[in-house]
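The values are calculated or read from the model by the stated rules, or taken from the named source; none is laboratory data. This one's a predicted model, so the numbers in the text were calculated from it and none came from an experiment. In this analysis, Cβ positions are derived from the backbone assuming ideal geometry, glycine residues included, and neighbour counts consider all displayed protein chains. Accessible surface is based on the protein model in full, side chains and every heavy atom, while ligands, DNA and RNA are left aside. Shrake-Rupley method; radii C 1.70, N 1.55, O 1.52, S 1.80 Å.
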Amino acid sequence: MTVAELLLLHGAQVNVPSGSENNIPLTLACWKGHRNVVELLLRNHSNIEHQNKAGCPPLMLAARFGSSLVCSVLAHSLLF
């Protein structure tokens, strides 16, 4: 079990922004290219349309920082 799974198991909320940039866990996972965490957060109803303070949604962050695998996961989630 990963730390992210453990946190969710114990009630962590997936859409609570943190820090001055208004990022939620999904935007941070996309920015860092953590595909498995992105998939986990999406399965737990993370807001795929959330925008951080700069107006960047998760897909834009994944694309900007070069994570094609995360982009594919997000695009698939947006379509289905």
Over the Cα atoms of the range 22-80, what is the Rg over Rh ratio if Rh follows Kirkwood? 0.91
When the helices in the chain are scored as -39500 (n - 2.57) per DSSP H run of 4 or longer and the sum is shared across all residues, what 222 nm value do you end up with, to the nearest 500 deg cm²/dmol? -15000 deg cm²/dmol
Taking the Cα-to-Cβ direction at HIS76 and at GLU39 and moving 7 Å from each Cα, how far apart do the two end points lie in nm? 0.7
Per residue, how much accessible area does the chain show when a 1.4 Å probe rolls over the protein heavy atoms, in square angstrom? 64
Ignoring any ligand, DNA or RNA, what whole percent of the accessible area of the chain comes from carbon and sulfur when the probe is 1.4 angstrom? 58
With every protein chain in place, what's the accessible area of LEU78 (1.4 Å probe, Å², nearest 10)? 90
